[in-house]
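Shown next, in C-alpha cells, is the structure this report addresses.
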C-alpha cells in the first residue's frame with residue numbers, strides 16, 4: 001500500500017517524544033514489509049525539507065502552527081493521487097484531511113488534550129483549543145481510529161466515537177529487557193529518576209518537591225533528572241534545582257543518549273511519573289525492562305501502564321506530599337519493592353514492536369467500512 005501519514009512532528013524534531021518513537025517504529029516495519037510510507041510533518045530550525053529514513057520518507061513543511069495549512073497545500077500539489085490510505089495522527093489539532101481527500105482514512109490518536117491545553121499554551125490559545133477539541137472530535141467521530149490505551153479509548157467514546165470503530169494497540173519499547181534481576185546493580189544510595197521532556201504538563205516540579213519531602217526521612221536520597229530543558233518552565237526547573245536546600249543531591253543530566261538512558265534506568269531504584277495526562281507511560285515501560293518499578297500519578301495513560309500494587313504504585317492524589325509518602329513506603333518496605341520490581345520486569349517483555357505492529361496492520365487491512 002501507499003500510506004500517507006500526517007502528523008505534526010517527527011523524531012528529529014527537538015520537541016519529539018514517545019508518539020514519534022511509536023509512529024516511526026511502525027512506519028519502519030511497514031516499509032520492511034513492502035509498503036510505501038510518506039510522512040508530512042512540520043519543519044524545525046535546521047531541519048531538511050525532505051529525508052529518507054529506514055525505508056520511509058519524511059516531508060517537512062511549515063512550522064508548529066502553520067503545518068496544518070502547509071500540509072494541505074503540499075498534499076494538493078504533490079500527493080493528491082498517491083495514497084491508498086491516509087493515517088491522520090492527531091496531537092492537539094487535526095489536519096482535517098477528510099475535507100480535502102477521499103482516500104481511505106485511519107485516525108491515530110494517542111491521547112486527547114483538554115487538560116493539557118492550559119499547561120502547554122498561552123491562556124487565550126488554551127481557551128480556544130479547549131473549546132475546539134470537542135467540536136472537531138464530533139466532526140471526526142465516524143472515522144476508524146487507533147489509540148494506545150483504554151483511557152484514551154474511553155475518552156473517544158465520550159466524544160461520539162463508536163467502540164466498534166476504536167482499536168487499541170499496545171505500545172512498545174526498544175530497550176531489551178535485562179536477562180535477570182540479579183544482574184542489576186543499583187546505585188549505592190536510594191536514587192529517584194525523572195525521565196522525559198521537561199514541560200509544564202510533565203510537572204517535573206512536583207517530583208523535585210516530593211524528593212525534598214522524602215529526603216527529610218531518607219537523608220542519603222538522590223534525584224537524577226534527565227530531559228531537554230526549554231522555555232520559561234525549563235528555566236524554572238533549573239532555578240528550582242539550584243536553590244533547593246538539597247541541590248547537592250539533585251543531578252540535572254540534560255538530554256541523554258540511549259546508552260546513558262538505559263544505564264540510568266537500570267541503576268536507579270524508582271522512576272517518577274507526574275504528567276497531567278498521557279496516551280501511555282512509555283518511560284514506565286522502559287524502566288520496567290531494566291528492573292526499575294515506577295510511582296506515578298493516577299491519570300490517563302499512566303494508570304494504563306501500571307498495574308497498581310503489582311507492577312508499580314499509583315498516587316491517589318496528584319500532589320508532591322502523596323508522592324513522597326509512597327517513595328518513603330517503598331524505601332522502608334524492601335519486600336514490597338522487590339515484588340513490584342519482579343512483576344514490572346516480567347510484564348515488560350510483552351511490549352514489543354512485533355505485537356504492536358500485528359494489531360496495527362490488522363486494523364489497517366480491515367477496510368470495511370472506511371470513511
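Here, each number is a calculation from the coordinates, and none is a lab measurement. Remember, it's a predicted structure, so these values are computed and weren't measured experimentally. Using ideal geometry, Cβ is built from the backbone for each residue, glycine included, and neighbour counts are taken over all protein chains shown.
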Mind sorting 321, 352 by how few other Cβ atoms lie within 10 Å of their own Cβ, fewest first?
321, 352
Region 163-301: radius of gyration over Cα atoms, expressed as a fraction of 2.2 N^0.38 Å
1.09
Please order 189, 88 by the number of other Cβ within 10 Å, starting at the fewest.
189, 88
Suppose we keep just the DSSP beta bridges with both residues in the chain; what percent of those would be antiparallel, to 5?
10 percent
Mind running the shape call on region 46-112? Use the C-alpha gyration tensor, a ≥ b ≥ c as the square roots of the eigenvalues: rounded below 1.5 for a/c, prolate if a/b tops b/c, oblate otherwise.
rounded
Alpha-carbon Rg with Dmax, taken over region 147-191, Å
18.7, 52
Translational D (Stokes-Einstein, µm²/s) of region 241-330 at 25 °C and 0.890 mPa s when Rh comes from the Kirkwood sum over C-alpha pairs?
177 µm²/s
Which label marks the calculated value of Cα extents along the principal axes in Å, given the options (1) 64, 43, 39; (2) 69, 47, 39; (3) 64, 44, 43?
(1)
Sorted by Cβ neighbour density within 10 Å, fewest at the top, the residues 174, 10:
174, 10
When the convex hull of the C-alpha atoms of region 1-119 is computed, what volume per residue in Å³ does it have?
104 Å³
Most fluctuating of 25, 312, 160 in the GNM of the chain (C-alpha, under 10 Å) is 160
Could you work out how far apart the two model spin labels at residue 73 and residue 257 are, taking each label as a point 7 Å from the Cα in the direction of the beta carbon, and quote it in nm?
4.0 nm
The alpha-carbon center of region 1-21 and that of region 257-285 are separated, in whole Å, by 21 Å
Dividing the helical contributions, -39500 (n - 2.57) per DSSP H run of n ≥ 4, by the residues of the chain yields a 222 nm value, nearest 500 deg cm²/dmol, of -11500 deg cm²/dmol
Where is the GNM fluctuation largest for the chain (alpha-carbon springs, 10 angstrom cutoff): 183, 344, 256?
183
